[in-house]
Amino acid sequence: MPEEKDPGAEWMLAVQQGDRSAFNSIVETYQAPVFGLLRRLLGSAAVIEDLAQETFIRLWRSRDRYQPRGHLSTFLFRIAYNLALNNIRDRKRKPAGSLPVSPDGELMPIEDSAVATPFEAPDQASWAALVERALQQLPENQRAALVFQHYDDFELAEIGEVLGISPKAAKSLCHRARENMRQLLAPYREAEND
């Protein structure tokens with residue numbers, strides 16, 4: 001069975017030949033998936049639009065070096081993933097300016113009134129928020145692996161390529177991410193079953 005051609009890779013080859021409209025096709029086709037990936041990796045961070053734009057700027061700058069070794073989406077998502085990871089690391093280095101602090105100097109948790117507590121059963125809208133919040137609590141590499149597998153339907157080899165790990169390591173990472181999500185959501189499932 002012949003391998004299916006990737007239109008993204010073909011557009012990128014056309015870009016190398018000077019076809020700017022092919023780059024517009026890339027942006028139109030991959031803009032929503034890149035935004036979705038960044039949103040799931042970063043939560044509701046205000047920088048998502050800037051990072052999405054930077055993703056395409058970096059793709060443009062790399063056009064002469066691009067080699068179609070796989071799907072363009074894998075290459076593009078690797079750029080977006082690296083930018084998101086850098087942003088997460090930068091946020092961790094910056095002090096938490098206006099977070100609520102208890103009288104003894106401890107950071108206080110921020111309550112989200114839209115999300116059910118473990119003592120009340122969540123409705124469907126709350127489940128989506130709970131899943132999103134749990135996803136944000138995963139380590140960056142687990143979050144990315146899970147997003148690629150469940151939201152972007154990437155195969156383990158593609159996940160490995162984007163994350164710079166083997167397919168076997170990607171499988172293990174996805175498994176750990178699912179287990180951690182299961183633990184994070186367990187109190188809410190128990191409340192739903194009561």
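The values are calculated or read from the model by the stated rules, or taken from the named source; none is laboratory data. No experiment lies behind these values; they were computed from the predicted model shown. Cβ coordinates were reconstructed from backbone atoms using ideal geometry, including for glycine residues, and neighbour counts include every protein chain displayed.
Structure data summary
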read-out: Answer from Ala145, Ala134, Ala170 - the residue that is of a type in the set (Gly, Ala, Ser) and either over 18 Å from Leu42 (Cα atoms) or outside any helix (DSSP H, G or I) (or both); value: Ala170
read-out: Close pairs (9 angstrom Cβ cut-off, 6 or more residues apart or separate chains): acidic (Asp, Glu) in segment 123-139, at pLDDT 80 or above and surrounded by 13 or more Cβ atoms within 10 Å (Cβ to Cβ) anywhere; value: Glu132/Arg40; Glu132/Gly43
read-out: Residue under evaluation Ala84, criteria (1) in a helix (DSSP H, G or I); (2) surrounded by fewer than 15 Cβ atoms within 10 Å (Cβ to Cβ), criterion not met; value: (2)
read-out: Test for Leu59: is it modelled with pLDDT under 95 and either in the same structural domain as Phe148 (by TED's automatic domain parsing) or at negative phi (or both); value: no
read-out: Candidate set from segment 43-78 (those that are surrounded by fewer than 18 Cβ atoms within 10 Å (Cβ to Cβ) and among the small types (Gly, Ala, Ser)); member that is farthest from Ala144 (Cα to Cα); value: Ser62
read-out: Leading residue by the ranking (nearest to Ser25 (Cα to Cα)) among those in segment 36-53 that are out of contact with any helix residue (DSSP H, G or I) (no Cβ under 6 Å at 6 or more places or on another chain) and part of a helix (DSSP H, G or I); value: Gln53
